[in-house]
Amino acid sequence: MNDKALLQFDSMLTVLLKKLTPAQRKQLSRLIARDLRINQLKRIRRQQNPDGSPYAPRKASFVTVLRALRFLWRGQHRQLKNWRSQKTGRGEVITGIDVDNNQERSFYRRDIERFIAIKKERISRQRKHKQSRMFKKLASAKYLRRDANDSEAVLFFSPQVTAIAETHHFGLTEKGRYHPIRYPARQLLGLTPADIVHLEDQILVFLTH
């Protein structure tokens, strides 16, 4: 359907809708809001914008794993695995599994003459399965609400999550712990071409029954 035909079709629908009673228009609005919410939730769960493009992925986060540590302590070469460092009232303490006797040992950092090798590894915390899906809370009927009257059908997020939804939908900047965080725009609400076709069919079916 070209743009001219689409405009004519919309004009025809407008004329027909005006012939409905307020009660009929409210009933139709409820049906539209119901189906729209179902389709919006499905699309958000698919992690897609209304144009079909995928949501920008989460920025990968990493955790540093302290693998192995070799150092000179009181003239002896020591090696620890799975080590960690913590500050105490008496100074910094390094604790790990001593490779020589396979037991946990602790050393004051001040007693270490020099470090020979420090092995660290950065591991991505991003998981490639359903648990990493974004907007699990937002993509639920509990938080995506619907309303309808004789003049409109409305979808909106509940007040508890409105700020979060706006930040991601519009790609806003939030104050972070150390610096501002800019989020990429991920359109949560919007009409896909399939939504528009379904909406038109839904109206026609209602008008002809």
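Using a Gaussian network model of the chain whose springs link C-alpha atoms within less than 10 Å, name the residue from Leu69, Leu172, Leu17 with the highest mean-square fluctuation.
Of Leu69, Leu172, Leu17, the most mobile in the Gaussian network model is Leu69.
Cα gyration tensor of the range 141-193, axes a ≥ b ≥ c as square roots of the eigenvalues: rounded (a/c below 1.5), prolate (a/b > b/c) or oblate? Don't jump to the answer; show the numbers that get you there.
Numbers: a/c = 3.59, a/b = 2.05, b/c = 1.75.
Prolate.
Taking the Cα centre of the chain as origin, sum charge times position over the Cβ atoms of Lys and Arg (+1) and Asp and Glu (-1), and report the length of that vector in debye to the nearest 20. Walk me through the intermediate numbers first.
Working: 43 positive and 19 negative charges, 270 e Å.
It works out to roughly 1300 debye.
Please tell me the relative contact order of the chain in percent, rounded to the nearest whole number, where contacts are Cα pairs under 8 Å and at least six residues apart.
Numbers: 297 pairs, mean separation 51.4, N = 209.
Relative contact order comes out at 25 percent.
With charges set only on the Cβ (+1 for Lys and Arg, -1 for Asp and Glu), what does the dipole of the range 160-203 come to about its Cα centre, in debye to the nearest 20?
On the way: 4 positive and 5 negative charges, 104 e Å.
Result for the range 160-203 is approximately 500 debye, rounded to the nearest 20.
Dipole magnitude of the range 62-124 about its Cα centre, charges +1 at Lys/Arg Cβ and -1 at Asp/Glu Cβ only, in debye to the nearest 20? Write down the numbers at each step before the final one.
Working: 15 positive and 7 negative charges, 40 e Å.
That gives a dipole near 200 debye.
Using amide H atoms built 1.01 Å from N in the peptide plane, name the residues 5+ places from Phe157, or on other chains, whose amide H lies under 5 Å from its own.
Placed amide hydrogens put Arg145 under 5 Å from Phe157.
Relative contact order, percent, of the range 62-124 when contacts are C-alpha pairs under 8 Å separated by at least 6 residues? Write down the numbers at each step before the final one.
Details: 135 pairs, mean separation 26.8, N = 63.
RCO, the range 62-124: 43 percent.
With unit charges on the beta carbon (Lys/Arg positive, Asp/Glu negative), name the residue among Ser11, Val65, Thr95 whose Cα is farthest towards the positive pole of the charge dipole of the chain.
Thr95
Go through Lys87/Lys137; Lys59/Lys87; Lys87/Lys120; Lys81/Lys136; Lys87/Lys175; Lys59/Lys81 and tell me which ones have a Cα-Cα distance over 27 Å in this structure. Before the final figure, lay out each step's value.
Working: Lys87/Lys137 39 Å; Lys59/Lys87 31 Å; Lys87/Lys120 19 Å; Lys81/Lys136 38 Å; Lys87/Lys175 30 Å; Lys59/Lys81 30 Å.
Correct reply: Lys87/Lys137; Lys59/Lys87; Lys81/Lys136; Lys87/Lys175; Lys59/Lys81.
Anyone know which of Arg114, Arg146, Arg46 comes out most mobile in the 10 Å Cα GNM of the chain?
Comparing Arg114, Arg146, Arg46 in a Gaussian network model of the chain, the most mobile one is Arg114.
Just so you know, all these numbers are worked out from the coordinates, no wet-lab data involved. As the structure is a prediction and not an experimental result, all values here were calculated from the model. In this analysis, Cβ positions are derived from the backbone assuming ideal geometry, glycine residues included, and neighbour counts consider all displayed protein chains.
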